[in-house]
């Protein structure tokens, strides 16, 4: 286990160092992109024909072709963002995992946030109302009732006891 | 106020569902409707605006290189195009639905398609026609009205002619 | 013949249900018990009636009667018998019938209980459950009839139940077979569980509505429906987990949950139902939040119907969706009726449900539960909006968009963290009154122990703080539960002369519900661990290697040994790779990732090879291959740490829920009042 984690750490740091050494894209232009490079981009895109399936997991011929396009573009030195923009221009916004943050699409991000914040405001308001309400209730109770309450802290239990007494008598 | 908001929201939700449902069930643009206008930029770079071709019969064919059932009709469509070409009043437009350019060009090469073909950028054209799949072909008369919708491939050259001939003064 | 019997009994069910609704209503209005009793008998009858219907369809499937459209579409000669039976829920019409049948099972079962004390609720429970059943049976008889057959007429091939004029019945030789993705053992139990979970919520909903209609402000409906709710919840949870498992085993993308609209439409009732279960707890103990409880059960039930609508109307498209159908409009009408009806009723009775109790402390159990309910509803709102938005966007802007996993995860991730946090405090919090000091006294020891949850991952080289926090919370929840358990045992031992074992048993018995809740929460934590493992630490690689070639991922190396391509007797062409898994230079396992191609439906299915241990899963997919195997094959390999805990957690979860529904006559929940 320790051996494994140490090696993992070593690997991680060496990757980090390597990544830091190479400016910009980790992949030099012209070199042939690996499947992993392709999948890294494809993962963020959605298949335009089979809905709701990420491009890297889709097995249809069409998707294979699209992965081919990504590979070609990568080997031409395109960045991830450029490829994504290309896909959006070609096939529309639905190839992105999320709606682009512009215009009408802002609604998708704002509405849940608003509702959630609204919900919490309501909740906090309710908390405060309740906490304010409590002292009023207790002040209205007179001393007699308070004493009674002390004797029988739980109304329910006292009721149960009453019931039991009745039964044992009857 | 709060109640109004809740009921309003409920009605809005049901309306969205209703409209969405109608939309998802209405199918393609139908016979007798004015064809939605679109702009197609062909693979060779020319621009075709549908509304510029009033007075011609227009055949709009949706296809894709990954579509197996598109292949049988490709030759027939090209033959029909060649047949009407001397008249000059029948326009064939191939709309390439979510496809990759290299494969699309190879497809056009394979079937020696010479009439204008171009990608359906951002799937705008296919959405306007509400196509349900490929191949689908829309035949539009001189007034811009859709006179025939063919779902699936044409079976023969004669079939294509049988839809176009009645529209022309022979 | 079998089809006539099946369809006939479907029609009879419809008539009987409508009669039952009428009789119950009439009997209630005129105060004539005989009519209500008759309605109750009608309701008992619907299950046997639909059983005949389902039996006939299964018979048709088993005997390969491809002249029937449904059989031809979902079955084929080469399918084994068990798959022919599961084809019952493999298509729209059959699965609707199956759904109605399960619904009938619940509604009939509820008539069998003793109704002496609750005569006033009975007619309304009958009306509401039978109305729902009648609706689904109606869909089956007029829109999605599984018993229609093929006819050749002068206008072409049509489908109809009875012979159209001049029609000649067609007898196809073979069917197109079940969708290959559905040919998996997981599919045998996933849909039934999911459906059971869905339909079972009708019972608490019917009780809730009956209670509203009869102006009862007490908790009786909750007590009556408590077990039903818990079972519904268990089935729904299992349905979700089994679905996840099926996706993991069959869909071949290394994950278990893709935030697909159909998955979400199954998750939404679960979220609302979970929230409902928790507010019920407060209502029972403190008599508070009656309004919220009512809102939540209405929400849960309507989300069940809504989810069914989404997946079956053709409004959404997804891997799970049924093909286009004409049931959309009538379904929408039913939803509208249900939603507006129940909300209108709730509005009328709103003041009945006011409670006198108030929240008195931020750290009381009820406050914490309410906060977690709000968190659950937060995920619900996000999910709902995410599912609806593409449709709205298409209507408004004409542009299709995808709302995918990143959108949901951004919300669900932190909320899951928040819920874990609450799960830490909740077992220690007490009803009605708790101070921070009181909590602190109980928390500090588990807190120190939980630091292991930070130390270990950090020592292991973890650098991503959300993961560290998540692991810490997992450790914290476990520590708190363990400490709490031992504290209670110790208290008991000090009091009495029990042995250690005796006092454990005693504590368990006395606090059955508390401890089963504890088990459920520990199960949730286990599942959370699986989710954290796969979400934060999944790594993957893909490569094309020749036979004998290697592909390394993490500390594992896989070696491509061999590829076999062969036909099976059940109509598949299988390409199966043999892959050995090496770790530290030793071969530890052999996996068989494969691609099945189904001849009858012309569809492939990718089945991964998985080596699963408590620590991690090594998951290999055969992506592609050359016919000459020495030229190589493409593999995609995933390393999914801890994911097994998701499935283990699910088992523990079942134990917990069964424990909480276990009949226990001695301890009825006592209401607790504010001091």
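What follows draws every value from the coordinates through simple rules; no lab data is involved. From a predicted model like this one, the values you see are computed outputs, not experimental measurements. Note that each Cβ is placed from the backbone with ideal geometry, even for glycine, and that neighbours are counted across all protein chains shown.
Helix-derived [θ] at 222 nm for chain C: sum -39500 (n - 2.57) over DSSP H runs of at least 4, divide by residue count, nearest 500?
-20000 deg cm²/dmol
Result for chain B in a Gaussian network model with C-alpha springs under 10 Å: among B:40, B:105, B:14, the largest mean-square fluctuation is at B:14. Each of residue B:10 and residue C:409 was given a label point 7 Å from its Cα along the Cα-to-Cβ line. The distance between the two points is 3.8 nm.
Placing pseudo-labels 7 Å out from each Cα toward the beta carbon at residue A:114 and residue A:34 gives an inter-label distance of 4.7 nm.
In region C:420-565, Cα pairs under 8 Å separated by at least six residues give a relative contact order of 20 percent. When you restrict to C-alpha pairs under 8 Å that are six or more residues apart and normalise by the size of region C:78-187, the relative contact order lands at 25 percent. Give the separation of the Cα centroids, region C:76-145 to region B:56-114, in Å. Distance between centres, Cα-based: 51 Å. Fully extending the segment from residue C:158 to residue C:500 would add 115.7 nm, taking 0.36 nm per residue of separation and subtracting the current Cα-Cα distance.
Once you treat every alpha carbon in chain C as an equal point and sum by Debye, what is log10 I(q)/I(0) at q = 0.05, 0.10 Å⁻¹? Computed log10 I(q)/I(0) values: -0.28, -1.08.
Seen from all directions on average, the protein assembly as shown presents a Cα convex hull projection of 50.0 nm². Estimate the FRET efficiency between residue B:46 and residue B:128 by the formula 1/(1 + (r/R0)^6), using the beta-carbon distance for r and 25 Å for R0, to the nearest 0.05. The calculated FRET efficiency here is 0.80. The spread of Cα positions in region B:122-162, taken along each principal axis and listed from longest to shortest, comes to 33, 25, 12 Å. The relative contact order of region C:1-178, computed from alpha carbon pairs under 8 Å that lie at least 6 residues apart in sequence, is 30 percent.
Comparing mean-square fluctuations of B:144, B:118, B:18 from a GNM of chain B with C-alpha springs under 10 Å, the top value falls on B:18. By DSSP, the beta bridges lying fully in chain B are antiparallel in about 60 percent of cases. Applying Stokes-Einstein at 20 °C and 1.002 mPa s to the Kirkwood radius of region C:192-306, computed over alpha-carbon pairs, gives a translational diffusion coefficient of 146 µm² s⁻¹.
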